[in-house]
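The values are calculated or read from the model by the stated rules, or taken from the named source; none is laboratory data. Model, not experiment: these values are computed from the prediction. Here the Cβ is made from the backbone with ideal geometry for all residues, glycine too, and neighbour counts use every protein chain on show. These area figures cover heavy atoms from the full protein model, side chains too; ligands, DNA and RNA do not enter into them. Shrake-Rupley method; radii C 1.70, N 1.55, O 1.52, S 1.80 Å.
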Amino acid sequence: MGTTDAFRPDPGRARGTPYAPGSLLDVLSVAAVVLDEDGRIVLWSPQAEELFGWTASEALGQYAAQLLVDKENLDEVLRLFAKVMGGGGSWAGVFPARHKDGVTRLLEFRNMRLEDKDGRVYALGMATDQEILRDVERDLALSLRLVAQSPIGLAILDTELRYVMVNPALERIHGLPARAYVGRHVREALPFLPAAEADAVERAMRRVLATGVPLVDHFSVGPTADAAEGERARLVSCYRLEDPAGRPMGLATSDVDITDRHRAATEARRRLALIADASVLIGTTLDLDQTARELAEVVVPGLADVAAVDILDTALHGNATPPDERAAVFRALAVASAGGGVVADAVADAVRAADPPGEIARYDPDRLVARCVNTARPVRLTHVAPADLRRIARDATSAELLGRAGLHSYLAVPLIARGEVLGALDLKRITNPEPFGEDDAVLAGELAARAAVCIDNARWYQRERATVLTLQRNLLPQRPQNLVGLEVAYRYQPAGAAVQVGGDWFDVIPQEGARSALVVGDVMGSGINAAAAMGQLRTAARTLSGLGLDPGRVLHHLDRTASGLDQTIATCVYAVYDHREARCRVANAGHLPPVLMRPGLRPVLLDLPTGAPLGVGGVPFESVGVPLAPGDQLILYTDGLVETRDEDIDTRLEVLVDLLDRHRLDLEATCDLLLTELREDNDQDDVALLIARVRSSL
């Protein structure tokens with residue numbers, strides 16, 4: 001068999017060095033037989049012995065027709081033999097042959113005429129079992145169809161990383177025809193890749209080729225040959241192809257296009273991040289204007305280019321009467337617009353002139369924001385026509401300014417708290433080319449609902465203050481009695497104002513025997529709703545703790561509890577320390593990892609299965625055992641202790657570990673140190689902190 005330029009043998013192989021078995025001929029087990037001009041067998045291969053059952057000593061010198069052919073087929077065999085020997089060309093086909101055991105089977109034959117230097121004539125016959133051949137043909141056909149029809153992009157490369165074959169799916173993914181690949185190096189075939197990415201691809205391929213360790217589901221986002229398609233997201237796998245002797249023959253790659261899934265996930269992450277930001281950034285104070293500004297700033301530019309928070313004048317004055325179909329009187333408490341660049345600044349100026357914050361405005365029922373508060377339902381204009389501007393703006397001058405700025409899509413969602421419409425969140429898109437969609441309306445409604453609670457809290461702060469203080473005191477745990485083998489210290493620090501209640505909690509629960517449960521959790525969001533959900537989860541955790549369940553099972557039941565709390569999402573770490581066994585079992589539900597401190601060693605973050613947050617539903621939780629010796633400490637905390645707006649979480653966790661490593665203090669002093677050092681200018685979220693140290697005796 002020859003080789004092609006696109007799939008060469010090992011270039012380092014010396015000429016004349018034989019290959020080990022493993023070719024297609026070995027798979028087919030081709031038998032070779034040579035007959036003289038009289039039809040006697042003069043050469044008999046080992047494969048012939050395997051195929052026909054006769055040894056060489058038994059076959060040599062025998063007439064092949066008498067040895068291998070039944071009487072009814074003898075005349076046809078002699079005719080074909082005479083044709084070949086007479087110079088009539090070769091012959092190929094399927095013919096019945098007799099095995100030594102007397103069984104006749106169909107074999108695939110190839111026959112040709114040979115002549116030596118002395119003019120003697122011979123016949124070369126090659127045969128293989130037709131069933132084996134048909135299996136190979138079938139497997140080959142199926143393989144070709146599988147490659148051609150697969151929706152996954154497939155390619156074969158040789159040992160020099162030149163493409164040998166690509167399937168139609170890969171042509172579609174990269175936007176290149178097969179001829180642009182075959183015979184070309186990976187760098188030449190994918191010129192649209194940035195140089196750094198091309199280097200990374202080549203290094204990865206050579207590593208797989210050298211080590212034989214496959215690269216599986218490597219996530220990659222990059223351009224294609226068609227720039228109009230934008231970036232595509234793919235899962236790329238690469239593995240080495242070897243012959244039966246284990247020698248590298250090349251590489252196979254597979255590309256799965258997951259662009260739609262990636263874009264959907266990116267959009268979902270963006271929305272979740274926006275909701276998370278809203279949970280932290282809105283309602284940091286009990287000042288009404290500040291809360292309105294926080295809402296407007298959270299949604300710009302992630303959701304809208306321009307946002308205005310309009311509050312009903314009746315709501316500001318404590319009138320709980322819902323608006324009717326008559327004119328609505330609003331006060332614009334806050335306006336925010338996307339900054340950056342001359343165009344954006346001009347848009348901001350036009351919007352502020354059209355809808356200035358702080359001023360009282362009276363709107364007729366046909367104005368869209370009035371309809372929003374009157375119906376308590378969102379109002380959305382996917383595309384704003386010139387005639388719609390007057391229904392959006394307060395007057396003709398404002399409508400002209402908005403039209404000149406390029407307003408093209410509009411959305412208003414009501415601010416509703418405790419069943420009362422307080423106002424509306426007014427959103428406009430100008431520089432963002434995408435119109436508002438249904439998902440945007442849902443997200444804006446979620447943000448408005450969260451913000452409305454904060455605004456309503458600010459309105460009724462004086463009346464609610466005593467209730468909030470009482471709730472906070474009741475939710476905080478008391479120091480447990482008869483805690484076996486542990487000494488603990490803990491802190492709870494609310495976000496912003498000292499009386500604000502959030503969703504962070506901690507607990508230390510004595511159990512039977514010499515065991516104690518340690519719990520730290522964080523309910524997404526803030527305010528009374530989050531605190532109430534936190535109280536329910538804490539109560540459930542205490543109840544489950546009394547059953548002596550494994551931490552993973554406790555989180556499983558808490559997940560079911562959270563799923564029934566109206567879209568409550570919470571993270572949680574649950575640990576059970578057994579003093580007699582000197583061991584702690586820990587399970588995690590989407591929470592930041594605890595820190596383990598051992599005397600004389602650098603603190604480390606526990607390597608735990610992250611798990612999904614409580615409330616996601618249907619996700620298993622795993623428990624991990626951690627040995628604890630006297631003097632060892634376990635630090636559990638919520639994200640408010642370490643998260644900031646300008647540093648990534650890994651950096652902040654390293655700061656936490658360094659701080660604990662440098663200062664070896666008693667538990668109470670350690671709590672104060674962490675809150676002082678890590679919370680300075682970072683009080684946008686509440687914090688629960690729990691430190692437990694193993695005592696040397698019961």
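Just the residues that are surrounded by 19 or more Cβ atoms within 10 Å (Cβ to Cβ) and under 15 Å from residue 424 (Cα atoms), please, taken from region 375-390. Result: 378, 379, 380. When the residues of region 646-696 are filtered to those that are in contact (Cβ under 8 Å) with a residue 24 or more places away in the chain and of a type in the set (Gly, Ala, Ser), which remaining residue is surrounded by the fewest Cβ atoms within 10 Å (Cβ to Cβ)? Among them, the one singled out is 696.
Could you tell me whether residue 197 is within 29 Å of residue 440 (Cβ to Cβ), surrounded by fewer than 16 Cβ atoms within 10 Å (Cβ to Cβ), charged (D, E, K, R) and in contact with a strand residue (DSSP E or B) (Cβ under 7 Å, 6 or more places away or on another chain)? No. If you go through region 282-300 and keep only what is at pLDDT 85 or above and over 18 Å from residue 528 (Cβ atoms), you end up with 290, 292, 293, 296, 297, 298, 299, 300. Applying the selection to region 635-673, what residues are part of a loop (DSSP other than H, G, I, E, B) and under 20 Å from residue 694 (Cα atoms)? Of everything in region 635-673, those that are part of a loop (DSSP other than H, G, I, E, B) and under 20 Å from residue 694 (Cα atoms) turn out to be 663, 664, 665, 666. Inspect all residues belonging to region 427-441 and state whether any of them is at pLDDT 90 or above, in a helix (DSSP H, G or I) and open to solvent by less than 30 Å² (accessible area, probe 1.4 Å). Among the residues of region 427-441, at least one is at pLDDT 90 or above, in a helix (DSSP H, G or I) and open to solvent by less than 30 Å² (accessible area, probe 1.4 Å), which makes the answer yes.
Considering 251, 295, 274, 288, the condition of being closer than 30 Å to residue 175 by Cβ and crowded, with 18+ Cβ neighbours inside 10 Å is satisfied by 251 alone. Does region 627-638 contain at least one residue that is open to solvent by 30 Å² or more (accessible area, probe 1.4 Å), in contact with a Leu (Cβ under 9 Å, 6 or more places away or on another chain) and at pLDDT below 95? The answer is no, given that none of the residues of region 627-638 is open to solvent by 30 Å² or more (accessible area, probe 1.4 Å), in contact with a Leu (Cβ under 9 Å, 6 or more places away or on another chain) and at pLDDT below 95.
The listed residues are 348, 344, 276, and the only one of them that is modelled with pLDDT under 55 and not in a loop (DSSP other than H, G, I, E, B) turns out to be 344. Checking residue 516 against (1) touching a helix residue (DSSP H, G or I) at 6+ places or on another chain (Cβ under 6 Å); (2) buried (at least 18 other Cβ atoms within 10 Å of the Cβ); (3) at pLDDT 90 or above: exactly one of these is not met. Which one? Answer for residue 516: the failing condition is (1).
Only residues that are touching a Pro at 6+ places or on another chain (Cβ under 6 Å) and modelled with pLDDT under 90 were counted across region 639-686, and they come to 1. Filtering region 150-165 to residues that are assigned to a loop (DSSP other than H, G, I, E, B), among the aliphatic types (A, V, I, L, M) and open to solvent by 40 Å² or more (accessible area, probe 1.4 Å) leaves only 152. Would you please name the residue that is least open to solvent (accessible area, probe 1.4 Å), looking only at residues in region 539-568 that are more than 10 Å from residue 615 (Cα to Cα) and of a type in the set (S, T, N, Q)? The residue in question is 545.
Here is a yes/no grid of residues against (1) at positive phi; (2) outside any loop (DSSP other than H, G, I, E, B):
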{"position": "549", "(1), (2)": "no, no"}
{"position": "554", "(1), (2)": "no, yes"}
{"position": "560", "(1), (2)": "no, yes"}
{"position": "567", "(1), (2)": "yes, no"}
{"position": "581", "(1), (2)": "no, no"}
{"position": "586", "(1), (2)": "no, yes"}
{"position": "593", "(1), (2)": "no, no"}
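Would you mention how many residues in region 612-634 are part of a loop (DSSP other than H, G, I, E, B) and either farther than 21 Å from residue 694 by Cα or in contact with an Asp or Glu (Cβ under 7 Å, 6 or more places away or on another chain) (or both)? Residues that pass the stated criteria total 10.
Pairing each residue of region 76-92 that is over 16 Å from residue 120 (Cα atoms) with any residue that is open to solvent by 50 Å² or more (accessible area, probe 1.4 Å) and of a type in the set (Gly, Ala, Ser), provided the two are 6+ apart or on different chains, yields C-beta distances under 9 Å for 88/82.
Selection within region 187-212: residues that are within 27 Å of the chain's Cα centre (by Cα) and of a type in the set (Val, Ile, Thr). The member of this set that is farthest from residue 258 (Cα to Cα) is 208. Flag set for residue 608, criterion: in a loop (DSSP other than H, G, I, E, B) and either open to solvent by less than 70 Å² (accessible area, probe 1.4 Å) or in contact with a helix residue (DSSP H, G or I) (Cβ under 7 Å, 6 or more places away or on another chain) (or both). Taken together, the criteria place residue 255 among residues that are within 27 Å of the chain's Cα centre (by Cα) and outside any helix (DSSP H, G or I).
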